[in-house]
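Structure first, then comments.
The values are calculated or read from the model by the stated rules, or taken from the named source; none is laboratory data. Just so you know, these numbers come straight off a predicted model, no measurement behind them. Cβ coordinates were reconstructed from backbone atoms using ideal geometry, including for glycine residues, and neighbour counts include every protein chain displayed.
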């Protein structure tokens, strides 16, 4: 079971004001106004190519905006030195298999980069923190394994440990549950929930709408590079919007507090 | 196979200690053995005369052989090996590709072209660092060309990297041949350049040590300063940037460092191939990819490897000599093919 014992620091507000990004003559996202309130679990949903990953890149400051601004606690994120930004906002891209044979401990220690000194490298305080992050994500036993030998689920948890190692208050995770089995997926969402309850903000890209509805405080719906809706799941996720954005027929399931649906393809023929 | 792990530095220190012993042993053989047999006591007397304080008398001919021929040769071999291995380790990190090295992607040939240019136009004699400076410029230029051609969106596929290297190597080799042919009337000069191109440290003196030293110091300093950034770059530019690495600055610094190291080495030794490929690769297998350990270990390993290879070059067909570049190619080329086959089968297995 994954849990955390992190210090409760309140996250700064992260905003995208009129944000847009153009790459090779194509607008990947445009006119996006989104505020990630402190200590909220926000889920970003949308069909393939909607701009979900792009949104996280803009929020993390790793991509420059073509239009608009990203603000961290009211300050322009692009004006902040990269190392300082990395101490406050952590971004985990979609999982790529590592090719270099770091041990799990070395791999997670990469997350300490924004805190390390160039001359003295990792200090003993850092090492203690690494142990905690490994423990919190239930991978301490794997510490001396090479990352190239991990299973998809183990790797995902190691990536989560590296993300925690940065001590960032805002965590942006791109499809963190995609390689996980049901139990580990729920565990990870539970971990995200704990982090939020401690005061951090977490933004997740999720494909499972029902998981998004159940775990998230806010849902942001993207389609075709535009923000279609944003708000509490109960207000945002309704059959009408789901039909429009995802091209599915959503049948509400009774007896659940969250808006949970059964999905059928649009225009399914009855034999 | 791996001997140094995340929290365990001991394997690293054992490896460095063993490397230092090997380097001293090979250097010792290089100093005490040679075409002219010299009594061990006399060699020690010469070394004492130069290295210890106080006045000592020595036989001038023995002094010349040991101090002016054998000693600088060993020192130059160690420096060249260290520089090439370090440059290779950096390039493999930069391209995120274990097949990158100064020789494979044309950096060495570029450096050679710069140096040949300086030699044939008589610029090399103008001041001590002229040849190394031209070699560094050639190395930098060829590295920039390969980066431009082979890297897309921060990713360098093996195939484009190797193909760009093959094309650049062929082009630069033709350029070098043309430059040498231009100076064919001065037979002696052309022969010297052609011999130098084949790679070796024969007849290198203290002046050559002086030619490598500045580049080696600068290159090593940059390499050490950016070692940690290179660790993060291995995980891809996006991850590195999200963790706070200044990607453009790091790439520029590492390119400069690799070019300075390669250029300085090639300017005195010609093209000694495969050192920058084989050495960092083996060291990474033993110590892992963390550059704080990898870079110094690759430097030391390159040093003893080339001093050892030079011993073979002098003794295999004594009293004749084999070119040092031939010896390293005999070791390195099969290893490169092995890596290529293994890489291909890994790619096939992951499909």
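Here is how the numbers come out for the structure above:
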read-out	value
Region A:195-228 - residue that is more than 23 Å from residue A:167 (Cα to Cα) and surrounded by fewer than 17 Cβ atoms within 10 Å (Cβ to Cβ) and, of those, nearest to the chain's Cα centre (by Cα)	A:207
Residue check for residue A:195: in contact with a helix residue (DSSP H, G or I) (Cβ under 9 Å, 6 or more places away or on another chain), outside any strand (DSSP E or B), under 17 Å from residue A:45 (Cα atoms) and modelled with pLDDT under 95	no
Odd one out for residue A:207 among (1) out of contact with any helix residue (DSSP H, G or I) (no Cβ under 8 Å at 6 or more places or on another chain); (2) assigned to a helix (DSSP H, G or I); (3) more than 13 Å from chain B (Cβ to nearest Cβ)	(2)
Residue A:57 vs. criteria out of contact with any helix residue (DSSP H, G or I) (no Cβ under 7 Å at 6 or more places or on another chain), at the interface with another protein chain (Cβ under 9 Å from one of its Cβ atoms), surrounded by 15 or more Cβ atoms within 10 Å (Cβ to Cβ) and more than 30 Å from residue B:286 (Cα to Cα)	yes
Spans of helices (runs of 4 or more DSSP H) in region B:230-324 with at least 1 residues more than 21 Å from the chain's Cα centre (by Cα) and closer than 25 Å to residue B:335 by Cα	B:291-315
Scan of region B:95-118 for residues that are crowded, with 24+ Cβ neighbours inside 10 Å and assigned to a helix (DSSP H, G or I), ordered by number	B:107, B:108, B:109, B:110, B:111, B:112, B:113, B:114, B:115, B:116
Residue B:45, sole failed condition from (1) touching a residue at least 60 places away in the same chain (Cβ under 8 Å); (2) farther than 30 Å from residue A:123 by Cβ	(1)
Within region B:1-74, helices (runs of 4 or more DSSP H) holding 3 or more residues that are under 18 Å from residue B:297 (Cβ atoms) and away from chain A (no Cβ under 14 Å)	B:10-32
Scan of region A:72-92 for residues that are buried (at least 17 other Cβ atoms within 10 Å of the Cβ) and in contact with a strand residue (DSSP E or B) (Cβ under 8 Å, 6 or more places away or on another chain), ordered by number	A:72, A:77, A:80, A:85, A:88, A:89, A:90, A:91, A:92
Filter result for residue B:139 (in contact with a helix residue (DSSP H, G or I) (Cβ under 9 Å, 6 or more places away or on another chain), at pLDDT below 90 and surrounded by 23 or more Cβ atoms within 10 Å (Cβ to Cβ))	no
Those residues of region A:33-50 which are under 21 Å from residue A:238 (Cα atoms) and surrounded by fewer than 15 Cβ atoms within 10 Å (Cβ to Cβ), in sequence order	A:48
Filter pass, residue A:45 being without any contact (Cβ under 8 Å) to a residue 60 or more places away in the chain, farther than 30 Å from residue A:129 by Cβ and touching a helix residue (DSSP H, G or I) at 6+ places or on another chain (Cβ under 7 Å)	no
Test: residue in region B:92-104 that is at positive phi, touching a strand residue (DSSP E or B) at 6+ places or on another chain (Cβ under 9 Å) and modelled with pLDDT of 85 or more	yes
Given (1) more than 9 Å from every other protein chain (Cβ to nearest Cβ); (2) farther than 19 Å from residue B:229 by Cα; (3) assigned to a loop (DSSP other than H, G, I, E, B), number of the condition residue A:43 does not satisfy	(3)
Elements of type strands (runs of 3 or more DSSP E) contained in region A:66-182, each with 2 or more residues being more than 10 Å from chain B (Cβ to nearest Cβ) and touching a residue at least 12 places away in the same chain (Cβ under 8 Å)	A:67-72, A:170-174
Any hit, region B:205-221, residues being modelled with pLDDT of 90 or more, within 14 Å of another protein chain (Cβ to nearest Cβ) and buried (at least 16 other Cβ atoms within 10 Å of the Cβ)	no
Members of region B:230-248 that are free of Cβ contacts under 8 Å to residues at least 40 places away in the same chain, more than 8 Å from chain A (Cβ to nearest Cβ) and buried (at least 22 other Cβ atoms within 10 Å of the Cβ)	B:240
Some residue of region B:153-160 being over 21 Å from residue B:194 (Cα atoms), without any contact (Cβ under 8 Å) to a residue 12 or more places away in the chain and in a helix (DSSP H, G or I)	yes
Check on residue B:283, touching a helix residue (DSSP H, G or I) at 6+ places or on another chain (Cβ under 6 Å) and within 25 Å of residue B:8 (Cβ to Cβ)	yes
